[in-house]
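The values are calculated or read from the model by the stated rules, or taken from the named source; none is laboratory data. Computed from a predicted structure; not experimentally measured. Here the Cβ positions follow ideal geometry from the backbone for every residue, glycine too, while neighbour counts run over all protein chains shown. Protein only, heavy atoms only, side chains kept; ligands, DNA and RNA dropped before computing areas. Shrake-Rupley method; radii C 1.70, N 1.55, O 1.52, S 1.80 Å.
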Amino acid sequence: MTILTIPTQPFNDQKPGTSGLRKKVPVFKQAHYLENFVQSIFDTIAAPQGATLTLGGDGRYYNLEAIQTILKMAAANGFGRVLVGRCGILSTPAASCVIRKYQTFGGIILSASHNPGGPDGDFGIKYNTQNGGPAPEKITEAIFANSKKISQYLEYQASDIALDEIGEFDLGGMVVQVIDPVTDYADLMASLFDFNAIRDLLSSGFRIKFDAMHAVNGPYAKEILVKRLGATENSVMNAVPLKDFGGGHPDPNLTYAHDLVEILYGDNAPDFGAASDGDGDRNMILGNHFFVTPSDSLAVLAANAKLVPGYASGIAGIARSMPTSAAADRVAAALGIPCFETPTGWKFFGNLMDAGKVTLCGEESFGTGSNHVREKDGLWAVLFWLNILAVKKQSVQEILMAHWAQYGRNVYSRHDYEGIASDAANGVMQHLHENLGAFSGQAFGRYTVKVADDFSYTDPVDSSVSSGQGVRILFTDGSRIVFRLSGTGTEGATLRIYLEAFEPDTKQHHLDAQVALAELITIALQISQLKDRTGRDTPTVIT
Ligand code: G16
């Protein structure tokens, strides 16, 4: 076989963000750009000769071209086998499932998640380790270090492999095994949830609408919800994956999943609505005229986990990212199990799950999951909710109202300021940092600052420290405001403001979060000087 050793120059911008390297497609299309990063992964992980790799992506623009390149590079770098989803497709949770089920050395996942796609849209690549989860920071840092000194990469010279048929193909002595992208994942879901109970619910007149947002989960939803669980064909909308997501923004929130939101808030609305994102790992849960915040969703799943076969024996613990509300903490306290607060990014949950310390994890950024894989999992969350609904025979809203009555309500909202100039966004964060000391003890309206700090996390398993994870203004009554810059954007900066207040009084639980949080919102704008520094005073997205 002919292995080409291709000389290259480092790029200086290949530092992975919250979840892998994300850039615009034209950036990835530059000569050697993708190859440099892939070779840096291979150099860093130093897989043994003949190792097996999992490979797939969310089908967005540039997915297939990248897969062909990575296959040729894997062959040249000594891999013995690559499991690749048919047509290069694997949702992120399905990729994690495949890595774990077939115990592959690791996996490469191609996705920019919820970011838009297309020729000028976003693309992304990340490496997942043997446990099926995103590589921890020490590996992503090593990949970045390698990318800054890379001088050559290896590529096997061959024509492209046909990836549209299941089967095994030879690529210079390496086996390319094209697998069905859906079956292993669907079987895993069937092993966790009571499919009979959900089937009965769906045949009883309970109506659902799942929005696949023209992204990767369309075929997964068709197989599981329609074929295996008997939902009507029209229960799944936007089910055909498109390379550019039909021009949409495949982010399942109230702004970007507006078609679904209109249906669930319209006349004759279904009983349950849900959406997932570009690569299928995020989820949004809706009831008839009702939105469930991701933080509340995690708390409800935890409180009701024993109703679901896969979790019937109880959960070991819960983990949530720092900006996620403390609703889950209250459930953990009631269950007598630990609750961990980690930095933003699913990679921080891996150690806790591997060590058996937690079973359920969740993030305010529409991510929920468990130790069944090592990624957050959109359809899993949908099935978990359907299983609970099938057992409790209450509406989504009734379940939430009862939950808040029992635990109190952590009223929560996130305000995103997208696409602001990086300098201005950094200026806001710097201003906050400089004033952390001064905020302590200060009163703002009815709120008094108890602690103001920059969140730092020491991993309880490997003692690694991650600092600079977001500015926290914690008030004496338990309310808080958190400021953080997004680590997943590709254009300018996105500033996120997370707002939370605890409301024990059931008479106030019906209030709209924006109304209940109005004073905190004003304080957040005041102390950050956001308007003066960015020229903005209205968020792009409110969730
Ligand atoms: C990624 C990570 C999530 C994280 C989110 C936050 O989500 O996988 O664990 O919560 O980013 O994003 P940001 O840094 O923009 O706030 P995804 O769905 O983009 O992979």
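Descriptive notes on the structure:
- Residues in the range 468-487 that are among the charged types (D, E, K, R), more than 11 Å from the ligand (Cβ to nearest atom) and surrounded by 18 or more Cβ atoms within 10 Å (Cβ to Cβ): ARG472, ARG480.
- Annotation: of all residues in the range 170-200 being of a type in the set (D, E, K, R) and in contact (Cβ under 8 Å) with a residue 40 or more places away in the chain, the one that is surrounded by the most Cβ atoms within 10 Å (Cβ to Cβ) is ASP194.
- Elements of the type strands (runs of 3 or more DSSP E) sitting completely within the range 117-189 and holding at least 2 residues that are under 26 Å from SER467 (Cβ atoms): these cover 122-128.
- Restricting GLY280, GLY378, GLY350, GLY367 to residues that are farther than 19 Å from HIS403 by Cα, buried (at least 21 other Cβ atoms within 10 Å of the Cβ), modelled with pLDDT under 95 and within 16 Å of the ligand (Cβ to nearest atom) narrows the list to GLY350.
- Going through (1) under 17 Å from the mean Cα position of the chain (by Cα); (2) within 16 Å of the ligand (Cβ to nearest atom); (3) at pLDDT 95 or above one by one, VAL292 falls short only on (2).
- When VAL382, VAL411 are screened for being out of contact with any Ser or Thr (no Cβ under 7 Å at 6 or more places or on another chain), part of a helix (DSSP H, G or I) and under 18 Å from ASN253 (Cα atoms), only VAL382 passes.
- Among the residues making up the range 213-224, those that are in contact (Cβ under 8 Å) with a residue 60 or more places away in the chain and either more than 21 Å from the chain's Cα centre (by Cα) or under 26 Å from ASN304 (Cα atoms) (or both) are ASN217, TYR220, ALA221, ILE224.
- Hits in the range 118-156 - residues which are of a type in the set (A, V, I, L, M, F, W, C) and either in contact with a Pro (Cβ under 9 Å, 6 or more places away or on another chain) or closer than 20 Å to ASP281 by Cβ (or both): PHE123, ILE125, ALA135, ILE139, ILE143, PHE144, ILE150
- Flag if PHE245 is on the phi > 0 side of the Ramachandran plot, touching a residue at least 24 places away in the same chain (Cβ under 8 Å) and within 21 Å of the chain's Cα centre (by Cα): yes
- Qualifying residue in the range 95-106 (condition: closer than 26 Å to THR2 by Cα, open to solvent by 40 Å² or more (accessible area, probe 1.4 Å) and part of a strand (DSSP E or B)): no
- Number of the condition not met by THR54 [criteria: (1) over 22 Å from the mean Cα position of the chain (by Cα); (2) outside any loop (DSSP other than H, G, I, E, B); (3) within 14 Å of GLY106 (Cα to Cα)]: (1)
- Checking LYS227 against (1) within 16 Å of the ligand (Cβ to nearest atom); (2) open to solvent by 30 Å² or more (accessible area, probe 1.4 Å); (3) among the basic types (Lys, Arg), the condition it does not meet: (1)
- The range 316-333 - residue that is over 17 Å from LYS357 (Cα atoms) and in a helix (DSSP H, G or I) and, of those, nearest to the ligand (Cβ to nearest atom): ALA327
- Failed item in (1) more than 29 Å from GLY478 (Cβ to Cβ); (2) away from the ligand (no atom under 14 Å from the Cβ); (3) surrounded by fewer than 17 Cβ atoms within 10 Å (Cβ to Cβ), with GLY419 passing the rest: (2)
- When the range 206-218 is filtered for residues that are in contact with a Ser or Thr (Cβ under 9 Å, 6 or more places away or on another chain) and open to solvent by 10 Å² or more (accessible area, probe 1.4 Å), the ones remaining, listed by number, are ARG207, ILE208, LYS209, MET213.
- Entry remark, the range 505-535: residues being among the aliphatic types (A, V, I, L, M), open to solvent by less than 80 Å² (accessible area, probe 1.4 Å) and without any contact (Cβ under 8 Å) to a residue 12 or more places away in the chain number 1 in total.
- Test: residue in the range 469-483 that is more than 24 Å from ALA328 (Cα to Cα) and of a type in the set (D, E, K, R): no
- Tally of residues being open to solvent by 10 Å² or more (accessible area, probe 1.4 Å) and under 25 Å from the mean Cα position of the chain (by Cα) across the range 381-402: 1
- Residue list for the range 238-267, restricted to those being farther than 21 Å from HIS415 by Cα and buried (at least 19 other Cβ atoms within 10 Å of the Cβ): ASN238, ALA239, PRO241, LEU242, PHE245, LEU264
- Among the residues of the range 449-467, the one identified as open to solvent by 50 Å² or more (accessible area, probe 1.4 Å), hydrophobic (A, V, I, L, M, F, W, C) and within 20 Å of LEU520 (Cβ to Cβ) is VAL451.
- Figure legend. Inter-residue proximity from the range 338-354: first residues basic (Lys, Arg), second residues more than 10 Å from the ligand (Cβ to nearest atom) and open to solvent by 30 Å² or more (accessible area, probe 1.4 Å), beta-carbon distance below 6 Å, spacing 6+ or different chains. Indicated pairs: LYS347/PRO136.
- The range 224-254, residues that are touching a strand residue (DSSP E or B) at 6+ places or on another chain (Cβ under 9 Å) and part of a helix (DSSP H, G or I): LEU225, VAL226, ASN234, SER235
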